[in-house]
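Below: one structure, written as structure tokens.
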Amino acid sequence: MISGLVAMVAWASAQRTASLPLTLVSNVPLPGPTNRFDYASLDPSTNRLYLAHMDAGELLAFDVRRRRVVKRTSVPGVHGVISVPAIHRVYVTATDDHALLTLDSRSGRVLRTAPAGEYPDGLAYDPTNRKVFVSDESGGVDSVFSAAGRRIGTVPLGGEAGNTKYDDVSGRIIVAVQTRNQLAVVNPHSNKIVQRVNLRGCDHPHGLQVDSRHRLLFVACDGNARLLTLDLKHGMQRIGIATVGESPDVLAFDPTRRLLYVAAESGDVAMFAEHGRRLVKLGQAKLADNAHTVAVDPRTHLVYFPLEQGSGERPELRIMAP
């Protein structure tokens, strides 16, 4: 009887892990061809979710209240996007043009275009020093820009650049150095690396997400489908490791509910909850082909997945709720 109960508990646990505790809210058709999306960024001040429709060469501005695209901007090979509501700016990497574009979030106008290296990708904004840091993946540097979008420096990484994030407690920029299985911690005032962290158990770190309030850093390793949890309070020690979908890419974090989403190139999405200083896996399942990017609105807790081909024969934005 006891062994039967243990087996039932194990089966139930496996069933929970095999599914996602998310409810479908809406599938919204998106304009453009059925091809790859990349990063997304929410501007709560304008209720616009910016979607990088990479292979279409367009930045889409999606109104999360009216649930429709309100503007399309040509950005060749658009990869990264980050909105900065405090200064009414949106920064976008045009990878095919090797450039960073600076947009006015109120008018949607492109204010400046500046050279950004060989393969500009992810971005981070430092509000204290008013700088934008851009991962130049194949160039092996983080390119540094002023808030006005002028290139003002570079940070040599000694390897391929993955994602770049800002920690607003330490005031540091954190960069994944993919080919060294390391993190580089940058002082944004001096543009110098002040610490390197070897990532034990991680092959090819790429995606990053920071929970600054609880001093946790999450690293997605796309070479071996692992998610590392690092302790920002104690020298970035590894305090957790979990499995995720193959080739994990984009991470999104809901700071209010303390929920972490990890989207992978395999189409799998893994969902975690923070409990104290550890992650508990709530589930993992295939959402759709190439569902490798995700964004979350911390006000409504809605989760957004731009899909190159959704339930119909066209791109769509899948909106879900935990």
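The values are calculated or read from the model by the stated rules, or taken from the named source; none is laboratory data. Note that the structure is a prediction, hence the values are computed from the model and not measured. For neighbour counting, all protein chains shown are included, and Cβ atoms are generated from backbone atoms with ideal geometry for every residue, glycine included. Side chains are part of the model used for accessible areas, which takes the heavy atoms of the whole protein and leaves out ligands, DNA and RNA. Shrake-Rupley method; radii C 1.70, N 1.55, O 1.52, S 1.80 Å.
Computed per residue of the chain from DSSP H runs no shorter than four, each worth -39500 (n - 2.57), the mean residue ellipticity at 222 nm is -1500 deg cm²/dmol.
Look at the alpha carbon pairs under 8 Å that are at least 6 residues apart: their mean separation over the length of the chain gives a relative contact order of 14 percent. Working from Cα pairs under 8 Å separated by at least six residues, relative contact order for the range 41-89 is 36 percent. Rounded to the nearest 20 debye, the dipole magnitude of the range 138-247 is 340 debye, with +1 charges on Lys and Arg beta carbons, -1 on Asp and Glu beta carbons, and the Cα centre as origin.
Comparing Cα centroids, the range 184-201 and the range 42-93 end up 29 angstrom apart. Note that the chain presents 41 Å² accessible area per residue, ligands and nucleic acids not counted, probe 1.4 Å. In this calculation the C-beta distance from residue 23 to residue 118 is compared with R0 = 56 Å, giving a FRET efficiency of 0.85.
Please report the orientation-averaged projected area of the range 213-322, defined via the convex hull of its C-alpha atoms, in nm².
Details: hull surface 26.7 nm².
Over every viewing direction, the Cα hull of the range 213-322 projects on average to 6.7 nm².
Mind checking Rg over Rh on the chain, alpha carbons, Kirkwood formula for Rh? Before the final figure, lay out each step's value.
Working: Rg = 19.1 Å, Rh = 19.7 Å.
Taking Rg over the Kirkwood Rh, I get 0.97.
Dipole check for the range 14-156: with +1 at the C-beta of Lys and Arg, -1 at the C-beta of Asp and Glu, and the Cα centre as origin, the magnitude is about 800 Debye. Each Lys and Arg Cβ is given +1 and each Asp and Glu Cβ -1; about its Cα centre, the chain then shows a dipole of about 1200 debye. Of the accessible area of the range 69-195, computed with a 1.4 Å probe over protein heavy atoms only, carbon and sulfur atoms account for 46 percent.
Overall, the accessible surface of the range 214-305 at a probe of 1.4 angstrom is composed of carbon and sulfur to the extent of 47 percent.
Among 202, 235, 248, flag the residue with its Cα farthest along the positive direction of the charge dipole of the chain, charges on Cβ as +1 for Lys/Arg and -1 for Asp/Glu. Farthest towards the positive pole: 235. Taking a Cβ cut-off of under 13 Å around residue 55, the surrounding Lys, Arg, Asp and Glu residues balance to a net charge of -3, with basic ones at +1 and acidic ones at -1.
Taking other residues whose beta carbon is less than 14 angstrom from the beta carbon of residue 198, and scoring Lys, Arg as +1 and Asp, Glu as -1, yields +3.
A compact globular protein would have a Cα radius of gyration near 2.2 N^0.38 Å; the ratio found for the range 36-155 is 0.96.
In percent, what relative contact order does the range 190-271 have, based on Cα pairs under 8 Å that are 6 or more apart in sequence? Mind showing how you got there, number by number?
Working: 176 pairs, mean separation 17.6, N = 82.
Relative contact order comes out at 21 percent.
A probe of 1.4 angstrom, applied to the heavy atoms of all protein chains, finds residue 166 with accessible area near 40 square angstrom.
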